[in-house]
Amino acid sequence: MTEIELIKLALEAREMAYTPYSRHKVGAALLTTDGKVFKGCNIENAGYTPTNCAERTAIFKAVSEGYKTFESIAVVGGMDKLKALPFCAPCGVCRQVLREFVAPDTFKVYLAEVDDVTDLNNLTEDKVRIKTMTLSELLPLGFGPENLEI
Ligand code: THU
């Protein structure tokens, strides 16, 4: 699974985003260590706080299906009317949820700036710029499961 393939799956997931309130659509594609991909989109709610981010949708789908070891995640997002997407980095809550399950120094987060999301079937690599970060870079000095070990 290449970075661009994972980003394309995140773009596919973004199409399913339920965002009547913010109109900001996010898609994520989470790659497990055995090569399976879980996709997720953000799902909003009239009560606002029950909203779930795309990244957490993907993580919770994976964990609830028995997958708990991950290599990387691709994240794409932007307002629904945009033809071109800016880089969209995971929120603090999603960074913390990732911290629970991944090795922060090696787990990769692929962010993508995409020139044209109106025709995903014809998306070529020259229309995508990728920024690769580790979870440690996004969440330095994170608090994780090992902090609760005696
Ligand atoms: N959102 C995500 O899904 N992931 C992020 O990393 C940033 C924010 C969603 C939550 C909400 O539905 C909308 O984007 C605006 O905050």
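The values are calculated or read from the model by the stated rules, or taken from the named source; none is laboratory data. None of these values were measured; they are calculated from a predicted model. Ideal geometry is used to build each Cβ from the backbone, glycine not excepted, and the neighbour counts take in all protein chains shown. Heads up: the accessible areas ignore ligands, DNA and RNA and are worked out on the full protein's heavy atoms, side chains in. Shrake-Rupley method; radii C 1.70, N 1.55, O 1.52, S 1.80 Å.
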Contacts under 7 angstrom Cβ, first residue in segment 22-33 being closer than 13 Å to Leu98 by Cα, partner of a type in the set (D, E, K, R) and open to solvent by less than 10 Å² (accessible area, probe 1.4 Å), 6 or more apart: Ala28/Glu55
Selection within segment 110-128 - free of Cβ contacts under 8 Å to residues at least 40 places away in the same chain and either more than 17 Å from Glu12 (Cα to Cα) or open to solvent by 80 Å² or more (accessible area, probe 1.4 Å) (or both): Thr118, Asn121, Asn122, Asp126
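Hey, among the residues in segment 38-54 that are part of a loop (DSSP other than H, G, I, E, B) and near the ligand (Cβ under 7 Å from one of its atoms), which one's surrounded by the fewest Cβ atoms within 10 Å (Cβ to Cβ)? Break it down stepwise before answering.
Of segment 38-54, the ones part of a loop (DSSP other than H, G, I, E, B) are 42, 44-51, 53.
If we keep only those that are near the ligand (Cβ under 7 Å from one of its atoms) as well, we get 42, 44, 51, 53.
On the way: Asn42: 24, Glu44: 18, Thr51: 16, Cys53: 22.
Taking the candidates together, the pick is Thr51.
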Segment 55-77, residues that are part of a loop (DSSP other than H, G, I, E, B) and near the ligand (Cβ under 10 Å from one of its atoms): none
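Here is a check on your reading of the model: is Arg99 within 11 Å of the ligand (Cβ to nearest atom), surrounded by 12 or more Cβ atoms within 10 Å (Cβ to Cβ) and among the basic types (Lys, Arg)? Even if it seems obvious, please write down each step before you answer.
Numbers: within 11 Å of the ligand (Cβ to nearest atom): no; surrounded by 12 or more Cβ atoms within 10 Å (Cβ to Cβ): yes; among the basic types (Lys, Arg): yes.
So Arg99 does not fit the description; no.
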Yes/no for Arg99 being under 26 Å from Lys36 (Cβ atoms) and without any contact (Cβ under 8 Å) to a residue 60 or more places away in the chain: yes
Among residues of segment 13-37, those that are touching a strand residue (DSSP E or B) at 6+ places or on another chain (Cβ under 9 Å), within 15 Å of the ligand (Cβ to nearest atom), open to solvent by 20 Å² or more (accessible area, probe 1.4 Å) and not small (Gly, Ala, Ser), counted: 6
Selection within segment 55-67 - among the polar types (S, T, N, Q) and open to solvent by less than 70 Å² (accessible area, probe 1.4 Å): Thr57
Tally of residues being under 20 Å from Leu11 (Cβ atoms) and assigned to a loop (DSSP other than H, G, I, E, B) across segment 21-37: 4
